[in-house]
Amino acid sequence: ATEDLTVAEYLRRWLSVAKDRTAAATYVRYEQLANQFIIPAVGGMKLSKVRPVHVETFFATMKKQSPAGPVPATAATRRAVATVFVIALRHAVKIRVLASNPAEGVSKPKAAYREMAFLTGLQAKALLNAAKTSKSYALFAVALASGARIGELLALQWSDVNFDDGTIEIKRTVSQTGGKNVIKEPKSRSGRRTITLPSFALDALREHRKKSLAAGLIASSVFCTSAGTIPNKPNVRRSLGLIVKQANQAGAAIPPGLRVHDLRHSHASCLIAGGASIKAVSRRLGHADISVTLHVYSHLMPDDDAKLAVQTQALFG
């Protein structure tokens with residue numbers, strides 16, 4: 001009977017359903033968080049007996065079991081666990097195992113704020129200059145020039161590059177789960193897009209294509225390894241770290257913790273700070289909705305309130 005169903009039993013049933021309905025990486029994360037945090041804490045409770053006070057207490061005291069004993073979860077992990085629990089219980093309401101979701105009204109733990117790193121134009125040039133001796137130069141040049149996600153660039157094929165038009169076509173992405181690469185469609189329809197590249201990135205791609213032809217790798221993805229396989233993201237991160245270190249030794253003053261994803265942020269921030277249309281930038285980034293772009297980058301937009309007053313005077317004064 002459903003009234004005797006424990007939280008652990010329900011979560012395992014929910015996970016078996018979620019496996020076929022979510023991306024592989026998402027499912028692995030769901031399973032990990034459920035098994036490491038939710039089930040050890042509240043798995044023995046009857047699902048029908050879970051109340052908001054139980055959920056609130058769980059969110060506040062979340063710990064992970066380790067050989068050395070319980071370890072408090074980080075703010076980001078607590079937030080992620082809470083999200084998974086809410087989603088799982090929402091499904092229980094949908095299939096009428098629960099009349100209402102006891103986690104729905106409970107405040108989720110706040111995620112730790114991590115400020116995004118943005119390169120200035122001069123820092124970006126210094127980074128690319130330091131990268132010219134690296135095998136990853138073309139990858140980082142296109143990343144800065146396009147604002148594309150690293151997964152989208154690692155999935156890029158030579159047939160997606162149009163040198164005549166000066167564009168790349170984004171129509172797939174790479175998801176890496178458990179060390180395995182899975183090529184899939186972009187998350188949203190807006191993720192499929194054509195991006196026009198500046199000449200420095202096209203020049204980098206032309207030179208990279210020559211090297212790929214000489215190495216017999218032209219049938220592989222654009223930014224493949226010497227064995228013709230898709231690079232692992234940790235290796236890409238390490239490559240960027242070495243380039244940042246080299247650039248800083250030459251006096252660039254680039255944030256040492258710069259992530260590959262920050263190249264995307266740098267692309268967008270420089271365009272927006274330069275007065276580019278937020279709608280055009282949103283389309284270039286492949287955001288599903290312009291509100292996403294506004295939420296992330298609104299603080300970079302110039303404050304033109306004084307100019308608006310002058311325009312209003314000219315119109316109505």
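The values are calculated or read from the model by the stated rules, or taken from the named source; none is laboratory data. Small disclaimer: the values here were computed from a predicted structure and weren't measured. Reconstructed Cβ throughout: ideal geometry from the backbone, glycine too, with neighbour counts over all protein chains shown. Remember, those area values only see protein heavy atoms, side chains included, never the ligands or the DNA or RNA. Shrake-Rupley method; radii C 1.70, N 1.55, O 1.52, S 1.80 Å.
How much length is gained if the chain between Ala76 and Ser277 is pulled fully straight, taking 0.36 nm per residue apart and subtracting their Cα-Cα distance, in nm to one decimal?
On the way: separation 201, 0.36 × 201 = 72.36 nm, distance 3.25 nm.
That works out to 69.1 nm of additional length.
Relative contact order for the range 54-101 using alpha-carbon pairs under 8 Å, separation at least 6, rounded to a whole percent? Walk me through the numbers on the way to the answer.
Details: 24 pairs, mean separation 10.1, N = 48.
Taking the mean separation of contacting Cα pairs over the length of the range 54-101, I get 21 percent.
Grab the Cα-Cα distance for Ala306 and Ser291, subtract it from 0.36 nm times how many residues apart they are, and report the gain in nm with one decimal. Each step should come with its number before you reach the end.
On the way: separation 15, 0.36 × 15 = 5.40 nm, distance 2.44 nm.
Length gained, Ala306 through Ser291: 3.0 nm.
As a test of reading the structure, rank Arg96, Arg192, Arg259 by solvent-accessible area (1.4 Å probe, protein chains only), most first.
Order by accessible area, largest first: Arg96, Arg192, Arg259.
With every protein chain left in place and a probe of 1.4 Å, what is the accessible surface of Leu271, to the nearest 10 Å²?
Leu271 has an accessible surface of roughly 60 Å² with all protein chains in place.
So between Glu104 and Ala23, what do we pick up on full extension, going 0.36 nm a residue minus the alpha carbon distance? Spell out each step's value before the answer.
Values: separation 81, 0.36 × 81 = 29.16 nm, distance 2.39 nm.
Fully extending the segment from Glu104 to Ala23 adds 26.8 nm.
Ignoring everything except DSSP H segments at least 4 long, calculate the 222 nm mean residue ellipticity for the chain; use -39,500 (n - 2.57) per segment, divide by total residues, nearest 500. Show your work: numbers first, answer last.
Numbers: 14 runs with 155 residues, N = 317.
Counting only the DSSP helices, I get -15000 deg cm²/dmol.
Could you calculate the FRET efficiency of Leu122 with Leu242 from 1/(1 + (r/R0)^6), where r is the beta carbon distance between them and R0 is 30 Å, rounded to 0.05? Don't skip to the answer; put the middle values down first.
Working: r = 20 Å, r/R0 = 0.68.
With a Förster radius of 30 Å, E is 0.90.
Accessible area per residue of the range 138-235 at 1.4 Å probe, in Å²?
Details: 4710 Å² over 98 residues.
For the range 138-235, the solvent-accessible area averages 48 Å² per residue.
Quick one: compute the contact order of the range 106-172, relative version, from alpha carbon pairs under 8 angstrom and 6+ residues apart, as a percent. Intermediate values should be presented prior to the final figure.
On the way: 24 pairs, mean separation 11.7, N = 67.
Over the range 106-172, the number comes to 17 percent.
Which value, in Å² and to the nearest 10, is the accessible area of Thr61 when all protein chains are kept and the probe is 1.4 Å?
Around 70 Å² of this residue is reachable by solvent.
List the pairs from Lys110/Lys307; Lys135/Lys184; Lys210/Lys233 whose alpha-carbon separation is above 30 Å, in the order I gave them.
Values: Lys110/Lys307 37 Å; Lys135/Lys184 26 Å; Lys210/Lys233 24 Å.
Checking Cα-Cα distances, Lys110/Lys307 exceed 30 Å.
Pick out, in residue order, every one of the GluC sites (Glu not before Pro) in the range 83-179 that is DSSP loop and has at most 12 other C-beta atoms within 10 Å; say none if there are none. Before the final figure, lay out the partial values.
Values: sites: Glu104, Glu115, Glu152, Glu169; in loops: Glu104, Glu115.
Answer in residue order: Glu104, Glu115.
Got a number for the accessible area of Ile254? Probe 1.4 Å, square angstrom, nearest 10.
Ile254 has an accessible surface of roughly 10 Å² with all protein chains in place.
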